[in-house]
Amino acid sequence: MMKKAGTVNPVFLLDEVDKMSMDFRGDPSAALLEVLDPEQNGTFMDHYLDVEYDLSKVFFITTANVIHTIPQALQDRMEILRLEGYTEPEKMEIAKRFLVKKQREAAGLKAENLTLPDETIVRITRHYTREAGVRNLEREIANVSRKVARKVVKEGRNFKVTVGPDDVKEYLGVIKFRDTKTEEKNEVGLVTGLAWTEVGGQILNIEATLMPGRGKLLLTGKLGDVMQESAQAAMSYVRSRATQLGLDPDFYRHLDVHIHIPEGAIPKDGPSAGITLAVALVSALTKIPVRRDVAMTGEITLRGKVLPIGGVKEKLLAAHRAGNRTIILPRDNEKDLTDIPANIQQELTIRSVDDMDDVLDIALEKKLEPRPLLVTGEATPSAIENPSQDLGREPMTN
C-alpha cells in the first residue's frame, strides 16, 4: 500500500481494529504493537520483505465500535477519541441535506415527485430506527423512495406526493419502536429517571411499591450488579434518615419494598439511577406523589451526596423529547451543559444539586415533615429536671 501511495508518509486507515482474532495463522495484534509504537516502528521488520523498514512517518488511524476487545497493551499505544452517536436534530439535518436527495436519485425520482417534511423525517427516526448512526434511517428513506417510484411508473411522470407523518405507516408498516412517554399525572412511588444507551438517551419510569413483609428489598427489571447496589445504597440512606424523612425508624421491620423498572427484557446497569431509586423509595414510604414533569439522574452515596454521571447530553435530549421540562443534575455535571444546544437549554429548567435533601425538595409535591423525637424511659419529669433525686445523692458541682 505504501508503494501504491507513492510516498513514505501516507495516512493509513485500519478499519474495525476491534475485530482482530488470534488463530493458527498468527496474532495480528502482536504485530500491531510494533507497527503502532513510535519507539519501535522506525526499524519495523515484517515477514514479507525481511528487511528493516521505516514506518515512523506514517500516520495511522484505526476505528473500532468497542474498545474492550482491543488488547490493553495495544490501547496504551493509541490515543483514543470517543465519538458520540448522532442526536435526533443532527440526524434530521443529515437526512434533509444528503440522504433524501441521494435516495430520490437512486430511485429515479425528481425533487417534485417526492417531498419529505421535517415532521416525517422525525417520525421515521423515532419510530422506525434505533441506532447511533444513520444507516437504517437511509434504508427506510430508500424504502419510501422505491414505493413512490413504483407509483410514478403506474401514474405517470407528473405524479407528486408529500409523505406526511400520518402517511409513513402506509409506506413502512406499523411502527417498530415506541418512545417512553411522561406519565399523565403525579403518582406515589413513580419517578422518571434518565438513562444512556449506545443509540442515545432514554427515560426510565422507576416504580416502587410496599407490601406487608419482613424488610425484603425486591428488584426486578433485569438490573445489573451496579444498579442493584445503587438500590441497596438508596435503601440504606432512607433507613439512616428515617426520622428526618418523617418515617418510623422501624418501618422496614414489617414491610417489603418492591422496585421495578419496566421493559424488563432489556438489561439495565450503571450508578446514575441512584437518586431516582431513592426518590421512589421515599415517595412510596411517605405517600407523597412525585412531580411528573421532573426527570433526574445522579449517583447516590450512603450519606446522601449526589455524585456526577456521564452521558449528560443524550439524557437531556431524551428528557426534552419526552416532555420533561425540569431536570435534576449533579452539580459537578454543570460543565457538561456546554454540549447542549442553546435552544434545548432555553426550554429546560436545569436544577443542580449537591445532596438528596435538594433532590427531594424539587421532586416531591410537598415538603417532608421530620418525625418528632420522643423521649423514652421511666424517669419522671421531676427526675429529669433534677437528676440528683433519681440518683439518691447530692448533685455534683464543678
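Since every read-out is calculated from the coordinates, none of them should be taken as a lab result. These numbers were taken from a predicted model, which means no experiment stands behind them. Reconstructed Cβ throughout: ideal geometry from the backbone, glycine too, with neighbour counts over all protein chains shown.
Some notes on this structure:
- Diffusion coefficient of the stretch 1-160 by Stokes-Einstein, Kirkwood radius over Cα pairs, 37 °C, 0.692 mPa s: 166 µm²/s.
- Pairwise centroid distance, computed over Cα atoms, of the stretch 238-317 with the stretch 345-360, Å: 15
- Derived scalar couplings ³J(HN,Hα) [the stretch 28-39; Karplus, 6.51 cos²θ - 1.76 cosθ + 1.60; whole Hz; x for Gly, Pro]: x, 5, 5, 5, 5, 4, 7, 5, 8, 8, x, 7
- Per-residue Cβ neighbour rank within 10 angstrom, fewest leading, ARG123, ARG303: ARG303, ARG123
- The local environment of LYS160, defined by Cβ-Cβ distances under 12 Å, has a net charge of +1 under the rule Lys, Arg +1 and Asp, Glu -1.
- Only beta bridges with both residues in the chain are counted; by DSSP, about 50 percent of them are antiparallel.
- Binned Cα-Cα distances of the stretch 88-172, short to long, each 5 Å bin given as a whole percent: 3, 16, 30, 26, 17, 6, 2, 0
- Residue order, fewest to most beta carbons within 10 Å, for MET45, MET1: MET1, MET45
- Three semi-axes of the equivalent ellipsoid, the stretch 222-341, Cα gyration tensor, whole Å, largest first: 26, 16, 15
- Among 306-316, 270-280, 342-352, the peptide with the highest mean count of other Cβ atoms within 10 Å heads the list, and the full ranking is 270-280, 306-316, 342-352.
- All aspartates and glutamates inside 13 Å of LYS222 as judged from Cα atoms, apart from same-chain residues fewer than 8 positions distant: GLU263, ASP269
- Subset of LYS185/LYS268; LYS102/LYS147; LYS91/LYS160; LYS91/LYS169; LYS91/LYS313; LYS147/LYS169 violating a 22 Å alpha-carbon distance limit: LYS185/LYS268; LYS91/LYS160
- Relative contact order of the chain, pairs being alpha-carbon contacts under 8 Å that are 6 or more residues apart, as %: 12
- In the chain, helices alone account for a calculated mean residue ellipticity at 222 nm of -9500 deg cm²/dmol, with every DSSP H run of four or more residues adding -39,500 (n - 2.57).
- Cα gyration tensor category, rounded, prolate or oblate, for the stretch 258-329 with a/c compared to 1.5: rounded
- When GLU198, GLU88 are sorted by how many other C-beta atoms sit within 10 angstrom of their C-beta, beginning with the fewest, the order is GLU198, GLU88.
- Measuring nothing but how far apart in sequence close Cα pairs (under 8 Å, 6+ apart) lie, relative to its length, the stretch 37-81 scores a relative contact order of 27 percent.
- Note on LYS3: lysines with a C-alpha under 25 Å away, same-chain residues under 8 apart excluded, are LYS57.
- Each eigenvalue of the Cα gyration tensor of the chain, multiplied by 5 and square-rooted, gives one semi-axis; in descending order these are 55, 34, 17 Å.
- Placed amide H near THR197: partners under 5 Å, 5+ positions off or other chain: GLN202
- Look at where the Cα atoms of the stretch 157-195 and of the stretch 1-60 average out, and the two centres are 48 Å apart.
- Cross-link partners for LYS101 among the aspartates and glutamates, with Cα-Cα distance under 20 Å and sequence neighbours closer than 8 places in the same chain left out: GLU88, GLU90, GLU93, GLU112, ASP118, GLU119, GLU138, GLU140, ASP167.
- Counted residue by residue at 0.36 nm each, then reduced by the alpha carbon distance between them, the extension gain from GLU112 to HIS47 reaches 17.5 nm.
- Cα→Cβ-extended label distance, 7 Å offset, between THR338 and LYS216, nm: 5.0
- Rel. contact order, % - alpha carbon contacts under 8 angstrom, at least six apart, the stretch 197-347: 28
- Amide proton proximity set for PHE60, modelled H, under 5 Å, gap of 5+: PHE12
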